[in-house]
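First the structure, in the form of structure tokens, and then the observations on it.
Rule-based calculations on the coordinates, nothing more; no lab input. Model, not experiment: these values are computed from the prediction. Cβ atoms come from the backbone with ideal geometry, glycine included; neighbour counts cover every protein chain shown.
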């Protein structure tokens, strides 16, 4: 309910007297329950959750302090919302996101009774600053990812299939209490490790292969994200050298983090280390991203980002070097931006050797 | 490439001389590789895949027979596509789906050189009919789900946490070769089994609980979907009675399947069994949906559906009864609609007792 109050205040500040939340993760953020199709927040009184029959009983049981409206199969959701907007006398309605069809449908039904305006950034300005409740869940999700990663390091050996390594990682996370994976587990080995989104396939890991392992757990809807790179067997001197370079780039970036810093400057702190070593072209992605209810959220940490980091952001810092044919190396941790420094939520253990 | 040719022919039939594929799963369907951001199919010559640096090398290696264009970080994707549309002389460009921002961006850059029209149904008319290659992968994904379900029945017992059951299921599917789960595993026990989308949480399963287990594997990007309901311990007579009712409803629906049948009639075949027994209000969702690269695809099998089933569709048939406080029962199988009948792709084993 505190989140609803902050949303109301933000609306008021911008001259809106109502907010329509249509994105399912935003609805989860405000209501605490998954499964509703829309949330209407007027400037006073009860907020309304719109729920189809399939999820109605669950939302009624799990979302406290809301009016829960059943949407029948034959009803039109946007028509129902528009009817309430008119009845509540809302005149300036902000919304987070709507597809073209829904936007047209609600506009038609409102017949000019209220002005509609996209204001997705209002919700993001809340979601990007994690509160104490969220941080507790994110710490747990991060711990679960660490459990998975320790298991990966323990079991990884030449001759295993990539999916067998994933099996052990996910089994460890689940048995420690994970609600699921935060995204599709990546175990990309050999030449495939040079693909940042290499997934996890039926390939047998060979001695000397680089193996990029990028995993996340979820806990009560909050997600984690963490990468380590191992060598199955004895690392070569080139593998070691590149690994140390990526590790140094990550350290430099984490040291650059403080409230108010430009995200592009944090990216540059890591990227310049890799560029100076001659691998700038091989760091083919941004340095990091926010994490929370989704695995990719604002702020974005990249050369083009216009974001600034703020206390309460949880972001990944994940430099990488990818060489076609040779393989890739990435090290990724989740970091909480706090008043004076950056706190790693994922363990500080390293090691190229599995 | 055969799929590209069918797409071209469909465009030609409808008077288009180009198709822009923007949905990532549609791009995967046509190119065989994940990771591209757009696919432009002119009426002749090479098709173009647009790929950001992070996925460039992977797409180049995995997508055969395409021109692969690198999109640089500072480039605008839609501007680049528009430039090629103009250079290729495309005048009537169909597309699958675009959000409002992308639609506006490409329209602006085209400056009237080509007319843009949404034609997502062209792609769905292809994707809903599975070809032999797809069916082989879907059979494998279905087998993997069955392996998970057998494991669930073997391990389930009172005192386990829901997530521990999920751990065993997912471990079994992974070790048999699954590339991942098709969606978030559901292990919903006790009163939570009355929530069709109950997920899997930190709840201890009690003796006599109904446990709805809804799982899927993925294999080479194709997904499966299967549900069984078990009782942890000895089932009560009411649990047995409801179970037999849901099973009968499913059998009636599967018998009603043949090419050309209305999806709403298949829904009615199951729903009427449940309605006659007085539980119509407790069957709170549609009977089923298509499955393929996504876990929810057309056709839809529900009372409101306007779809007809065709040979080559793969659909779920999943009646359920949900009683608040008591629990829920759902039985779901994946079915291939073929020339003369309906073939179950998920095993025929049943059993309420775990």
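Between the helical axis of A:237-256 and the longest alpha-carbon principal axis of chain A there is an angle of about 40 degrees.
Translational diffusion of chain B was estimated from the Stokes-Einstein equation, with Rh taken as the Kirkwood radius over Cα pairs; at 37 °C and 0.692 mPa s the coefficient is 150 µm²/s. Per-residue Cβ neighbour counts within 10 Å put B:103, A:350 in the sequence A:350, B:103, beginning with the fewest. On the basis of the beta-carbon distance and an R0 of 60 Å, residue A:1 and residue A:240 show a calculated FRET efficiency of 0.70. In terms of other Cβ atoms within 10 Å, B:226, B:306, A:173 run from fewest to most in the order B:306, B:226, A:173. When the Gaussian network model of chain B links Cα atoms closer than 10 Å, the mean-square fluctuations of B:55, B:23, B:341 top out at B:55. Computed from Cα positions, the angle between helix A:132-155 and the longest principal axis of chain A comes to roughly 30 degrees. Tell me whether segment B:154-292 comes out rounded, prolate or oblate; compute the Cα gyration tensor, take square roots of the eigenvalues as a ≥ b ≥ c, and use a/c under 1.5 as the rounded threshold. Oblate, since a/c reaches 1.5 and b/c is not below a/b.
Fully extending the segment from residue A:308 to residue A:155 would add 51.1 nm, taking 0.36 nm per residue of separation and subtracting the current Cα-Cα distance.
Among the residues of A:178-184, the average count of other protein chain beta-carbon atoms within 10 Å of the residue beta-carbon is 5. A straight line joining the Cα centroids of segment A:108-174 and segment A:243-283 runs 24 Å.
Output the 0 to 90 degree angle, nearest 10, between the alpha-carbon long axis of helix B:263-276 and the longest principal axis computed from the alpha carbons of chain B. Helix B:263-276 and the main axis of chain B meet at about 20 degrees. Between copies, the label points of residue A:350, set 7 Å from Cα on the Cα→Cβ line, lie 6.0 nm apart, reported in increasing order to one decimal in nanometres.
When only Cα pairs under 8 Å and 6 or more residues apart are kept, what is the percent relative contact order across chain B?
On the way: 814 pairs, mean separation 49.7, N = 354.
Reported relative contact order: 14 percent.
Here the protein assembly as shown carries DSSP beta bridges of which approximately 75% are antiparallel, counting only pairs with both residues inside.
Within the listed set B:217, B:277, B:188, the residue fluctuating most in the Gaussian network model of chain B (springs between alpha-carbon atoms under 10 angstrom) is B:277.
With its label point defined 7 Å out from Cα along the Cα-to-Cβ axis, residue B:111 lies at 4.3 nm from the matching points of the other copies, in increasing order.
Mean residue ellipticity at 222 nm from the helices of the protein assembly as shown, using -39,500 (n - 2.57) per DSSP H segment of n ≥ 4 over the full residue count, to the nearest 500 deg cm²/dmol?
Working: 20 runs with 264 residues, N = 708.
Helix-only estimate at 222 nm: -12000 deg cm²/dmol.
Counting only other chain Cβ atoms within 10 Å of each residue's Cβ, the peptide A:321-331 averages 1. For the options A:224, A:107, A:178, a Gaussian network treatment of chain A with springs between C-alpha atoms closer than 10 Å singles out A:107 as fluctuating the most. Take the Cα of residue B:75, step 7 Å toward its Cβ, do the same at residue A:204, and the gap between the two points is 4.0 nm.
Across identical copies of the chain, residue A:233 has label-point separations of 5.4 nm, listed in ascending order, with the point defined 7 angstrom from Cα along Cα→Cβ. The chain A residue nearest the rotation axis shared with chain B, using its Cβ and rounding the distance to whole Å, is A:171, 2.
Summarising the strand pairing of chain A, around 75 percent of its internal DSSP beta bridges are antiparallel.
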